[in-house]
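Peer 1: Dumping the structure here so I can ask a few things about it.
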Amino acid sequence: MSTANGLREVAVVSSAQIQKRVIEDQSEPEFVTPLINEARDAVGFTQADIGFTCSGSSDFVAGQAFSFVMTIDGVGPVPPISESHVEMDGAWALYEAWIKIQTGAADTALVYSYSKSSPGSLRDVLATQLDPYYQAPLWPDAFAIGGLQARALLDAGRISEADMAEAAATAQTNAVDNPHAVRSGATTAEALLATDYVADPLRRHDLPAGADGGIAVVLAAGDHARQAVERPAWIRGLDHRIDSHQIGARDLTQAPSVALAAEKVGLGADKVDHAELHGAFSFQQLLLEQTLGLDPASTTINPGGGALVGNTMMAAGLMRIADAAAAVRSGRADRAVAHATSGPCMQQNLLCVLEGD
Amino acid sequence: MADELLSAPMTIEYPFTRTTGPVIGAFLTGLREGVVLGIKRADGSVVCPPTEYDPETGDALTEMVELTDTGHVMSWTWSGEVREHQPFDRPYALALIQIDGADTAMLHGVDVDGPEAMSTGMRVKARWRSEREGHIRDIACFEPEVTP
């Protein structure tokens, strides 16, 4: 069955995730395999029912070439499966799987992503994603790079340090009952503003809440989705866009690729009940809310705290899609949007609009 | 079964070289000579450090222009924790610096005593390493410009 625009109807039908400050006693395949089983079992699928499998992870974080190959053993690749991998957040693996289903080459897909960054120093490793000639040789750490964008937003009067603290306090307070949060607890903006700078103008609460974790999601087209769950979360818009790799050539107070993706998915066409935003830094969440024109009065934004209370590299974006889809499947939302980002200062952005019948 | 294990030497190497190309290469060669180069866009604005393509439109760029080694701070963060590989063995400011005559910014360190010495818009000048090799770190850092 296809929609008016000729695209196949594809839904997110199940998901399973784990996120902890540190996953000490398990390797990536050991903590990802149970997630894959849980997501497939939830809809009664075995790997034989999966038409395409796509994963997202990073060799730079794992510190090992072709590190993703080991988790494929957890999928069950015998007899041979149709499989791919992206060195991107799992949200982009989901995009590839969605395209695969659109081509008709598959009716169902398993998508998963993960990282265990705790054994290394992620904020330093992330320097390797910068321009290799002009920026990476200076080894700027990720907190300082984030601070450049925060300062630009503060200088432009787009946000204040109090706004940033308010966003962080709200997220941490929302996260009290979120079992996947690694930074939670009822607090106030005043209390957070009283703390010291870590990377002036950023305080601890403004920084990404580093975590180890993983997420697995099952996609299904048309009747496959209807048979799998009572209320599928249909993907009604999916788009990703990119800004310049040169952070010095960008206006860091704007997120043009977010605005363009929002236009392409038709975000403004109807009201948004629920938004899951991948703002790893407090000011990035504010920039996203402003760019997407979301109003907390009519849209539930990051009810579990979002990426501000747990930002698993390579997985936090796909987690946003899974959480937004869960809100639709449960009937808590009729229309939800999920956002994923990658690269320095939100260089690459993906938006996914999910709707119930 | 043989009780002797066979072995062979293996050396991990990258048996290739890369060229930095006509634009990045020219910029890095300029640094070796103590000169900062930018590149012109179709609208006349200047990208520094230069890219082979327009960062917004992707159009090929070819017209290099010589700039100065002074500019101003567009944004900055205080890097208070000393970290491996960074330009300094003491806290410093990481900054986006718009070189005079350019319309985009270069990432580099600014050597000052503390965050109170930093402000957006402040004038800075490159401090050159005495021995240069055609590398972004031929500029040791930037420092506040002393007006005579």
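The values are calculated or read from the model by the stated rules, or taken from the named source; none is laboratory data. Not measured: the values here are computed from a predicted model. Quick reminder, even Gly has a Cβ in these numbers, built from the backbone with ideal geometry, and neighbours come from all protein chains shown. The accessibility values were calculated without ligands, DNA or RNA, using every heavy atom of the protein model including side chains. Shrake-Rupley method; radii C 1.70, N 1.55, O 1.52, S 1.80 Å.
Peer 1: Starting from residues that are away from chain A (no Cβ under 12 Å) and part of a loop (DSSP other than H, G, I, E, B), keep the ones in region B:113-127 and report whichever is modelled with the highest pLDDT.
Peer 2: B:122
Peer 1: Name every residue in region A:154-213 that is polar (S, T, N, Q) and assigned to a helix (DSSP H, G or I), in order of residue number. Spell out how you get there, then give the answer.
Peer 2: Taking region A:154-213 as the starting set, the residues that turn out to be polar (S, T, N, Q) are A:160, A:170, A:172-174, A:178, A:184, A:187-188, A:195.
Once the filter is applied, which keeps residues that are polar (S, T, N, Q) and assigned to a helix (DSSP H, G or I), region A:154-213 yields A:170, A:172, A:173, A:174.
Peer 1: Anything in region B:78-107 that is part of a strand (DSSP E or B), open to solvent by 20 Å² or more (accessible area, probe 1.4 Å) and at the interface with chain A (Cβ under 7 Å from one of its Cβ atoms)? List them, or say none. Don't jump to the end; show me each part of the working.
Peer 2: To start, the set of residues in region B:78-107 that are part of a strand (DSSP E or B) comprises B:78-79, B:92-99, B:106-107.
From what's left, open to solvent by 20 Å² or more (accessible area, probe 1.4 Å): B:78, B:98.
Within region B:78-107, B:78 is the sole residue that qualifies.
Peer 1: Regarding region A:300-316, can at least one residue be identified that is in a helix (DSSP H, G or I) and open to solvent by 40 Å² or more (accessible area, probe 1.4 Å)?
Peer 2: As a first pass, look at region A:300-316 and keep what is in a helix (DSSP H, G or I): A:306-309, A:316.
Narrowing the set further to residues that are open to solvent by 40 Å² or more (accessible area, probe 1.4 Å) leaves none.
Checked region A:300-316: no residue is in a helix (DSSP H, G or I) and open to solvent by 40 Å² or more (accessible area, probe 1.4 Å).
Peer 1: Would you pick out the residues in region A:144-154 that are within 8 Å of another protein chain (Cβ to nearest Cβ) and farther than 15 Å from residue A:250 by Cβ?
Peer 2: Matches in region A:144-154: A:144, A:147.
Peer 1: Taking region A:285-299 only, how many residues are open to solvent by less than 10 Å² (accessible area, probe 1.4 Å) and either more than 15 Å from residue A:267 (Cβ to Cβ) or in contact with a helix residue (DSSP H, G or I) (Cβ under 6 Å, 6 or more places away or on another chain) (or both)?
Peer 2: The number of residues fulfilling the criteria is 1.
Peer 1: Further, regarding this structure: Of A:104, A:6, which residue is at positive phi, surrounded by fewer than 23 Cβ atoms within 10 Å (Cβ to Cβ) and in contact (Cβ under 8 Å) with a residue 60 or more places away in the chain?
Peer 2: Being at positive phi, surrounded by fewer than 23 Cβ atoms within 10 Å (Cβ to Cβ) and in contact (Cβ under 8 Å) with a residue 60 or more places away in the chain holds for just one of A:104, A:6, which is A:104.
Peer 1: Can you tell me which residue is surrounded by the fewest Cβ atoms within 10 Å (Cβ to Cβ) among those in region B:37-62 that are within 12 Å of chain A (Cβ to nearest Cβ) and β-branched (Val, Ile, Thr)? Give the steps one after another, and end with the answer.
Peer 2: Filtering region B:37-62 down to residues within 12 Å of chain A (Cβ to nearest Cβ) leaves B:38-39, B:41, B:45-58, B:61.
Narrowing the set further to residues that are β-branched (Val, Ile, Thr) leaves B:39, B:46-47, B:51, B:57.
Details: B:39: 23, B:46: 20, B:47: 26, B:51: 22, B:57: 11.
Ranking the candidates gives B:57 first.
Peer 1: Tell me, which residue of region A:242-269 that is modelled with pLDDT of 95 or more and of a type in the set (Gly, Ala, Ser) is most open to solvent (accessible area, probe 1.4 Å)?
Peer 2: A:259
Peer 1: Report, by residue number, each residue of region A:180-229 that is open to solvent by 10 Å² or more (accessible area, probe 1.4 Å), among the charged types (D, E, K, R) and touching a residue at least 60 places away in the same chain (Cβ under 8 Å).
Peer 2: Once the filter is applied, which keeps residues that are open to solvent by 10 Å² or more (accessible area, probe 1.4 Å), among the charged types (D, E, K, R) and touching a residue at least 60 places away in the same chain (Cβ under 8 Å), region A:180-229 yields A:183, A:223.
Peer 1: Sticking with this one: Against the conditions (1) away from chain A (no Cβ under 14 Å); (2) in a loop (DSSP other than H, G, I, E, B), where does residue B:65 fall short? Just the number, please.
Peer 2: All conditions are met except number (2).
Peer 1: Which residues, counting only those in region A:101-143, are away from chain B (no Cβ under 14 Å) and not in a loop (DSSP other than H, G, I, E, B)?
Peer 2: Initial filter on region A:101-143 (away from chain B (no Cβ under 14 Å)): A:101-119.
Correct list: A:101, A:102, A:103, A:108, A:109, A:110, A:111, A:112, A:113, A:114, A:115.
Peer 1: Any residue in region A:71-79 that is assigned to a helix (DSSP H, G or I), of a type in the set (S, T, N, Q), open to solvent by less than 30 Å² (accessible area, probe 1.4 Å) and touching an Asp or Glu at 6+ places or on another chain (Cβ under 8 Å)?
Peer 2: Within region A:71-79, the first condition is being assigned to a helix (DSSP H, G or I), and the residues that meet it are A:71-75.
In the following step, the residues that additionally are of a type in the set (S, T, N, Q) were identified as A:71.
Add one more test, that the residue is open to solvent by less than 30 Å² (accessible area, probe 1.4 Å), and what stays is A:71.
Okay, now just the ones that are also touching an Asp or Glu at 6+ places or on another chain (Cβ under 8 Å), so A:71.
Checking region A:71-79: at least one residue is assigned to a helix (DSSP H, G or I), of a type in the set (S, T, N, Q), open to solvent by less than 30 Å² (accessible area, probe 1.4 Å) and touching an Asp or Glu at 6+ places or on another chain (Cβ under 8 Å).
Peer 1: When you look at residue B:29, is it open to solvent by 20 Å² or more (accessible area, probe 1.4 Å), assigned to a loop (DSSP other than H, G, I, E, B), out of contact with any helix residue (DSSP H, G or I) (no Cβ under 7 Å at 6 or more places or on another chain) and of a type in the set (Val, Ile, Thr), yes or no? Step through it out loud before you land on a result.
Peer 2: Numbers: open to solvent by 20 Å² or more (accessible area, probe 1.4 Å): yes; assigned to a loop (DSSP other than H, G, I, E, B): no; out of contact with any helix residue (DSSP H, G or I) (no Cβ under 7 Å at 6 or more places or on another chain): yes; of a type in the set (Val, Ile, Thr): yes.
Judged against the criteria, residue B:29 is not a match.
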